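Down below is the structure, laid out as structure tokens.
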Amino acid sequence: MTEGAGAGATAVRVQGLWKRYGEQVAVAGIDLELPAGRFIGLVGPNGAGKTTTLSMVTGLLRPDQGTVEIAGHDVWHDPVAVKARIGVLPEGLRLFERLSGRELLAYTGRLRGLPGTEVDKRATQLLDVLDLAGAQHKLVVDYSTGMRKKIGMAAALLHNPEVLFLDEPFEGVDPVSAQTIRGVLERYTSSGATVVFSSHVMELVESLCDWVAVMAAGRIRAHGPLAEVRGGAPTLQQAFLELVGARARSAGTDLDWLGGGAR
Amino acid sequence: MSTAELTATVVRLKLSLLRNGLRQSAGRRAAYLTSVVVVILVAALQLIGLIALRGSAHVTTIAVLLAEILALGWAVMPLFFPSGDETLDPTRLVMLPLRPQPLIRALLAASLVGIGPLFTLCLLAGSVLAVAHGAAAYATAVAAVVLALLVCVALARAVAAANVRLLTSRKGRDLAVLSGLVVAVGTQLVNFGAQRLGTAGLGRLDPVGDVLRWIPPASAIGAVDSVSKGSYGTGLAQLALSAAAVAGLGTLWSRSLTKLMTAPDASTLQAADPGPRERGSAGLSRLLPPGRTGTVMERSLRYVWRDPKTKAAWVTSLAIGLIVPVFNALQGTGSLYFACFAAGMLGIQMYNQFGQDTSAFWMVAMTISSPRDAYAELRGRALALLLITLPYATLVTVVTTALLDDWPKLPEVLGLSFALLGAMLATGAWSSARFPYSIPQEGYKNVAPGQAGLAWISILGGMVSAALLSSPVIAATIWLNVTAGGDRWSWLLLPAGAAYGALLLLLGLRLAAPRTARRLPEILAAVSKG
């Protein structure tokens, strides 16, 4: 890792980020500094603006207002420096699915400007580690959800980025694949790289991340080291529910017919 | 539940599905009403036509042939339009406690509801009316229509049930995308055949008709004819054949349905590892230039073969680019200049390049950080196209020239083709950056809702500008053709046209590249709507 990975350095700096779709405000003025070398979780309920934020941070969506810097480089003014430093796994966008897993990696690596032999070497290792070696010649269109997430992650890691952005990397992924992905990500951050991933599964974020940002309704509600955000609450889930102001709906007498007894 | 109750329920289900489908959108309602009107019009027309043919020597042949074509249509229909009918997929009913026999009767009854059966009913009614003479024949005709309709519907069901695994798999859906093409080519062939028949006379078909009248469902029509002629025994045998066909198809259908409902779905089973196989494409990548250009070319070429939408677009372009000049030449009405059609049709493939990527364009966008990257990306795509287009356009031109035996004109037409191709690729590159739009991956549409205007601007505007851009070469061609002694210099148009086309392409790429690099998020948003 080069600049920006030292202790206390900032991997991502977001200032005054806004995005509106007509009347609807998707992201309402986000200011955020993500520390380098951490495993960072962006949590929030569905529709909180996580995907919109990550898309704007990675340069896939143009913000209405605001700036984003990655390792000190502006995403919109210095794309050469930024795009070489980040890896992305977006949610809801396709891959080139009519390529086989190996072909997809070869394609991505070469587009990134890596030498062919190096791409092939890294692809072989990634396919092995991510348990995709057996399916490497299958078209991605025939992959399961977990396999797609894994091949997408391999494509994002191929050029050894400083910062990796993953949008819902565990959504729809079976436990075995999830464990594989976790292992790779943990190894990657322990070498000083930064992972930013979004999720609405609190237990997962709590067990993986050491730094979290909580999002709701297009705003950041809390951010900082995990323990700080959790505060006095027993779990992140509790802290989160308090932060976004959701109360457990009483299941009282409404569904009293549900369960054992009379059918 | 009794069989009658079940039948009523399934038919009601079919009716609600129809109704709800129509309720979804005004467009769908309009399309449905239009098709009903068209069906009734066509049916009325053919009814008049068949009745007009009554008494003609060949009417039975026509009626019998028509019935077989209808049956063929029914057999092929579910393979290409698997999503057309909601009750078609019996796997949706797997969880219900139903036995196959009553279920089959119910589903068969439900299949009789819809435009397709209505159309078939009209055609069959017209056929028997044209053939029947006498009271006994009319009585037979009623049974014949019912039997023939049942054969058609049961045939469609049996074929669909036997292939449901294929139809719900990816390969089946890929196949469906190509169906438009089959219909288009089939229409061409039928058209060609009809023209031939028009000159050779219908009498030529009579021996075929003699065989077909024994094959269900046409045997039911044949029965009406036999009874009209007084051969009651033959008529009865023919009717029995059709009835046997209904029973046989029903049994077949029932068997595959039972198998379907009790056997595990193979798509969830782990496929055996085919083992490492190095494809021939490894050799291809060695031939392509290094760096981004070769990588992009390889991906584009793979997509031409593997992506059903891209493949369908290519095959259409290749087919039309060949058919128009060559068929015109064959019929003696052609001009050698029609050969430029090949270049024009194939040049269209450069349009909406990023839309062809669908939302996977983000993978490209993540690796473009400067106009130089965008230039390499666009150039790779243009080169991949040229790899197919250049030899193909040349081949079509040479073949057309040979057919017309007009060799002196070959250089100028080739030059014109190359200039046009360069202009199409240049405008295609530019409009790919300026007017990108989504191509939905499911179904037959090539434009996402709300983007049709964009697609029209892109392609129509592009074609007009391409024509304008190549006008210097066109002007030069005309000038050399009308000037006395110009023929001596017309060969110059080949190098001049090629050079001009190359120049246009380079300029187009240079103009498109900075625009592409600047508009990456906007392009991604535009192509992700499908």
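Filtered by the rule that a residue be more than 11 Å from chain A (Cβ to nearest Cβ) and free of Cβ contacts under 8 Å to residues at least 24 places away in the same chain, the stretch B:363-394 gives B:Pro391, B:Thr394.
Taken over the stretch A:55-112, the criterion of being β-branched (Val, Ile, Thr) and either part of a loop (DSSP other than H, G, I, E, B) or more than 11 Å from chain B (Cβ to nearest Cβ) (or both) is satisfied by A:Val57, A:Thr58, A:Thr67, A:Val68, A:Ile70, A:Val75. Each residue in the stretch B:325-358 was checked for being part of a helix (DSSP H, G or I) and under 22 Å from B:Pro408 (Cβ atoms), and 13 pass. Tallying residues that are in contact with a helix residue (DSSP H, G or I) (Cβ under 7 Å, 6 or more places away or on another chain) and at positive phi within the stretch A:132-161 yields 0.
For every residue, the table says whether it meets (1) part of a helix (DSSP H, G or I); (2) at pLDDT 70 or above; (3) closer than 30 Å to A:Leu99 by Cα; (4) hydrophobic (A, V, I, L, M, F, W, C).
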position: B:Val208; (1), (2), (3), (4): yes, yes, no, yes
position: B:Ser226; (1), (2), (3), (4): yes, yes, no, no
position: B:Gln238; (1), (2), (3), (4): yes, yes, no, no
position: B:Ala243; (1), (2), (3), (4): yes, yes, no, yes
position: B:Ala247; (1), (2), (3), (4): yes, yes, no, yes
position: B:Thr251; (1), (2), (3), (4): yes, yes, no, no
position: B:Lys259; (1), (2), (3), (4): yes, yes, no, no
position: B:Ser267; (1), (2), (3), (4): yes, no, yes, no
position: B:Thr295; (1), (2), (3), (4): yes, yes, yes, no
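Beta carbons closer than 6 Å, at least 6 apart along the sequence or on distinct chains, pair a first residue in the stretch A:191-209 that is at pLDDT below 90 with a second that is part of a helix (DSSP H, G or I) and surrounded by fewer than 18 Cβ atoms within 10 Å (Cβ to Cβ) for A:Met202/A:Gln237.
I'm checking my understanding of the structure. Among residues of the stretch B:220-265 that are over 20 Å from B:Leu150 (Cβ atoms) and under 34 Å from the mean Cα position of the chain (by Cα), which one is surrounded by the fewest Cβ atoms within 10 Å (Cβ to Cβ)? Among those residues, the one meeting the criterion is B:Pro264. Please verify whether B:Val447 is assigned to a helix (DSSP H, G or I), of a type in the set (Val, Ile, Thr) and closer than 29 Å to B:Pro308 by Cα, treating the condition exactly as stated. The answer is no for B:Val447.
Taken together, B:Leu108, B:Leu65, B:Leu47, B:Leu18 contain a single residue that is in contact with a Gly (Cβ under 6 Å, 6 or more places away or on another chain), modelled with pLDDT of 75 or more and in a helix (DSSP H, G or I), which is B:Leu47. Here B:Leu468 meets the list (1) away from every other protein chain (no Cβ under 14 Å); (2) surrounded by 13 or more Cβ atoms within 10 Å (Cβ to Cβ) almost entirely, failing just condition (2). Considering every residue within the stretch B:441-456, establish whether at least one is among the aliphatic types (A, V, I, L, M), farther than 25 Å from B:Met363 by Cα, surrounded by 15 or more Cβ atoms within 10 Å (Cβ to Cβ) and away from chain A (no Cβ under 14 Å). Within the stretch B:441-456 (the criterion being among the aliphatic types (A, V, I, L, M), farther than 25 Å from B:Met363 by Cα, surrounded by 15 or more Cβ atoms within 10 Å (Cβ to Cβ) and away from chain A (no Cβ under 14 Å)), the answer is no, since none of the residues qualifies. Considering the conditions (1) within 33 Å of the chain's Cα centre (by Cα); (2) farther than 18 Å from B:Met350 by Cα; (3) in a helix (DSSP H, G or I); (4) not β-branched (Val, Ile, Thr), B:Lys529 is excluded by exactly one of them, (3). Among the residues that make up the stretch A:115-131, is at least one of them out of contact with any helix residue (DSSP H, G or I) (no Cβ under 6 Å at 6 or more places or on another chain) and within 10 Å of chain B (Cβ to nearest Cβ)? Yes, the stretch A:115-131 has at least one match.
Starting from residues that are of a type outside the set (D, E, K, R) and in contact with a helix residue (DSSP H, G or I) (Cβ under 8 Å, 6 or more places away or on another chain), keep the ones in the stretch A:80-93 and report whichever is farthest from A:Gly113 (Cα to Cα). So the residue we want is A:Gly92.
The values are calculated or read from the model by the stated rules, or taken from the named source; none is laboratory data. As the structure is a prediction and not an experimental result, all values here were calculated from the model. Heads up, the Cβs are rebuilt from the backbone with ideal geometry, glycines too, and the neighbour counts pull from every protein chain shown.
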